[in-house]
Amino acid sequence: MKGHSTSIRGADFCRACKSDQLFSAVNLGALPIANELSKIRLNEYDSFELNLRICSDCGLGQVADVVSSDRLFTDYRYLSSASQSFIEHAANFVKNVTEKLSLSENDYVLEIASNDGYLLRHFIQSGIRVLGVEPALNVASVAILQGIPTITDFFGSKMAEDIVSQHGYPRLIIANNVLAHVPDIQDFMKGISILTNSETLVSIENPRLRNIIENNQFDTIYHEHFSYLSCKAVSELSQKFGLLLVDVENLETHGGSNRYWLRIDNAESTPLRSVMEEMRKDEAINLFQNSAWERQDFLVQTYLREFREFLQEKKSQGKSVFGYGAAAKASTLLNAARVQSGEIVAIADASPEKQERFMPHMNLPIIKPEILSSLNPDILILFVWNISTEILKWIETKGPSGIEVWVTIPELKRIL
Ligand SMILES: [Zn+2]
């Protein structure tokens, strides 16, 4: 396909392989930007098409480039350190990979999207040199203040060349939960390939596209999340830039992630059986077939209607409904279901960066979890199903008593 001048990446052609064989998989309509949490109530929020499409050639799920990256990422208010389970996940990873690669003081580790340094700080503790890349200034400054060297810009092939000339090749490159957030995924992978020599191992973590069908995780679709990775898509994209997908691990994080291991494609590298096994799991549910997604889209639309009816029913019974977790997934669900203001009173979130702001488009106030009890909620809906165990523990020990607790995904279900 040629001449993309008037066509849109992610809608008319695939952002990974440029094929025009994309089909609509889950269409959520026009939605506001999930992570734009206003400090004041707004009369109107901009909204943009949110339609997950799948490339039937390379297997990448994607949404179209309809909002600029500058608007999406300059004021990013997600600090990794805010989640306890995430910190533990990071510590375990560092311990295992340090052993696996026998990392020493002579090596350095590069992390792309290093956030507030929640992961790199564990390497520093073991005396291993690190370098972070984090474009969100407010988040990167937290890392820098703690002595974690961090480049504050978007990663790409140009930056990769600068890093190699200044620091040499890293022994390990980590890119967790970032590949999906990159509009130009080809330049990103090219950058990784520039930084990879025969000694370098690349570790990429990201939720699986398959989760949307297997566990109804349609609420992970939002504008910042350009790509929805499958093993097939990662393998094909890597190959384009001389890298080979050698191993895949299934992880529990974010409702089911894959950790992809890449290295330079030479005579010594061969994929482990895990790669083929993972691809078979995707094919077994027809992940790249239109028919499977027609069914999923129907299930999502039904879910959204029933979710809205649930809130309306509770409101008519005089129940006060609150939410927990002002994450992007909450915004996707609430807005795709066309929930109106008043149907949920407020949403609690432990992250100070989000508190005292409003979630689009119903201007839902974000409050401190500690004040929930004083507001006498009858029902609490957990939107952050990925950390529901952690939140439940908090409710049972410190949270409001005598309330109903519901979780949203995979189905709206009462859990307390
Ligand atoms: Zn493609």
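The values are calculated or read from the model by the stated rules, or taken from the named source; none is laboratory data. What you see is a predicted model, and the numbers here were worked out from it, not measured in a lab. All Cβ positions, glycine included, derive from the backbone under ideal geometry; neighbour counts span all protein chains shown. Heads up: the accessible areas ignore ligands, DNA and RNA and are worked out on the full protein's heavy atoms, side chains in. Shrake-Rupley method; radii C 1.70, N 1.55, O 1.52, S 1.80 Å.
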- Task: Scan segment 189-212 and give yes if some residue there is of a type in the set (Lys, Arg), part of a loop (DSSP other than H, G, I, E, B) and touching a Gly at 6+ places or on another chain (Cβ under 6 Å), otherwise no.
- Result: yes
- Note on the structure: Taking segment 169-195 and the residues there that are without any contact (Cβ under 8 Å) to a residue 40 or more places away in the chain and more than 21 Å from ARG9 (Cβ to Cβ), the one that is surrounded by the most Cβ atoms within 10 Å (Cβ to Cβ) would be ILE194
- Message: Suppose we keep only residues that are surrounded by fewer than 24 Cβ atoms within 10 Å (Cβ to Cβ) and more than 12 Å from the chain's Cα centre (by Cα) within segment 216-234. Which one would you say is farthest from the ligand (Cβ to nearest atom)?
- Response: ASN216
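Take the residues in segment 366-381 that are in contact with a strand residue (DSSP E or B) (Cβ under 9 Å, 6 or more places away or on another chain) and not aliphatic (A, V, I, L, M); name whichever of them is most open to solvent (accessible area, probe 1.4 Å). Break it down stepwise before answering.
Keep residues of segment 366-381 that are in contact with a strand residue (DSSP E or B) (Cβ under 9 Å, 6 or more places away or on another chain), which gives 366-372, 375, 377-381.
Next, only the ones that are not aliphatic (A, V, I, L, M) stay: 368-370, 377-378.
Values: LYS368: 86, PRO369: 4, GLU370: 125, PRO377: 11, ASP378: 59 Å².
The selected residue is GLU370.
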- Query: Does segment 138-160 include one or more residues that are touching a helix residue (DSSP H, G or I) at 6+ places or on another chain (Cβ under 9 Å), under 19 Å from LEU60 (Cα atoms) and not in a helix (DSSP H, G or I)?
  - Reply: no
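Only one residue in PHE288, PHE298 is part of a loop (DSSP other than H, G, I, E, B) and at pLDDT 95 or above. Which one? Explain how you work it out, then say what you get.
Details: PHE298 fails: part of a loop (DSSP other than H, G, I, E, B).
Going through PHE288, PHE298 in turn, just one is part of a loop (DSSP other than H, G, I, E, B) and at pLDDT 95 or above: PHE288.
Are any of the residues in segment 321-328 in contact with a strand residue (DSSP E or B) (Cβ under 8 Å, 6 or more places away or on another chain) and open to solvent by 10 Å² or more (accessible area, probe 1.4 Å)?
Among the residues of segment 321-328, at least one is in contact with a strand residue (DSSP E or B) (Cβ under 8 Å, 6 or more places away or on another chain) and open to solvent by 10 Å² or more (accessible area, probe 1.4 Å), which makes the answer yes.
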- Item | Cβ pairs under 8 Å, 6+ apart, first in segment 38-52 and more than 15 Å from LEU333 (Cα to Cα), second open to solvent by less than 40 Å² (accessible area, probe 1.4 Å) and of a type in the set (Lys, Arg) | SER38/ARG357; LYS39/ARG357
- Note on the structure: Going through segment 134-156 in order, the residues found to be closer than 20 Å to ARG71 by Cβ and of a type outside the set (Ser, Thr, Tyr) are GLU134, PRO135, ALA136, LEU137, ASN138, VAL139, ALA140, ASP153, PHE154, PHE155, GLY156
- Mind telling me which of the residues ASP162, ASP153 ends up being more than 24 Å from GLU105 (Cβ to Cβ) and open to solvent by 10 Å² or more (accessible area, probe 1.4 Å)? ASP153
- Query: What about LEU243, is it touching a strand residue (DSSP E or B) at 6+ places or on another chain (Cβ under 7 Å), open to solvent by 10 Å² or more (accessible area, probe 1.4 Å), under 22 Å from ILE173 (Cβ atoms) and not small (Gly, Ala, Ser)?
  - Reply: no
